[in-house]
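Take a look at the structure set out below.
The values are calculated or read from the model by the stated rules, or taken from the named source; none is laboratory data. In this text the structure is predicted, and so the values were computed from the model without any measurement. Cβ: placed from backbone, ideal geometry, glycine included. Neighbour counts: every protein chain shown.
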Amino acid sequence: MGKVSLDINGRKYAMGCEDGEEERLLRLGQKLDDRVAQMANQFGQIGDLRLLVMAGITMMDEVEDTNENLDLRVDARAAGLRQERDAATLASAKSQADAAKALAKAAKRIEGLAAKLAS
């Protein structure tokens, strides 16, 4: 099990993680520290707990916005794909109908030629 020490708002926090995840945890800790520093600059040193809660809430708000945007993009792409599928289905049906008509016409011509040859 890996261990890292995170520095958040001037305080050290010992954290455990899976082996190989140390760099990621350090990077995430740095992002949290940056956000807490931003909150501290905006509101002053109002206490570690409040700053951490405010930082967490703002970060979760961003995650939620990102998820909503992704959902909208996925829905729009799915709708586009459904339209493409429907158009392709219609084009395929038309092609099949056209091919069937051409085969029927060719069959009549062949029957006509066969009748001429038989007489």
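The table below gives the values:
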{"item": "Qualifying positions in the range 10-44 - farther than 21 Å from residue 63 by Cβ and touching a residue at least 24 places away in the same chain (Cβ under 8 Å)", "result": "11, 40"}
{"item": "Where a residue in the range 55-66 is surrounded by 10 or more Cβ atoms within 10 Å (Cβ to Cβ) and in a helix (DSSP H, G or I) and its partner, wherever it lies, is at pLDDT below 95 and not polar (S, T, N, Q), with Cβ under 8 Å and at least six apart", "result": "55/39; 58/39"}
{"item": "Which numbered condition residue 13 fails, given (1) assigned to a strand (DSSP E or B); (2) loosely packed, with under 11 Cβ neighbours inside 10 Å", "result": "(2)"}
{"item": "Residue in the range 34-41 that is in contact with a Gly (Cβ under 9 Å, 6 or more places away or on another chain), at pLDDT 95 or above, within 25 Å of residue 1 (Cβ to Cβ) and surrounded by 10 or more Cβ atoms within 10 Å (Cβ to Cβ) present", "result": "no"}
{"item": "Any hit, the range 25-32, residues being touching a strand residue (DSSP E or B) at 6+ places or on another chain (Cβ under 8 Å) and outside any helix (DSSP H, G or I)", "result": "no"}
{"item": "Failed condition for residue 73, given (1) assigned to a helix (DSSP H, G or I); (2) surrounded by 11 or more Cβ atoms within 10 Å (Cβ to Cβ)", "result": "(2)"}
{"item": "Every residue from the range 1-10 that is in a strand (DSSP E or B) and within 26 Å of residue 38 (Cα to Cα)", "result": "4, 5, 6, 7, 8"}
{"item": "Residue check, residue 40 of a type in the set (A, V, I, L, M, F, W, C) and in a helix (DSSP H, G or I)", "result": "yes"}
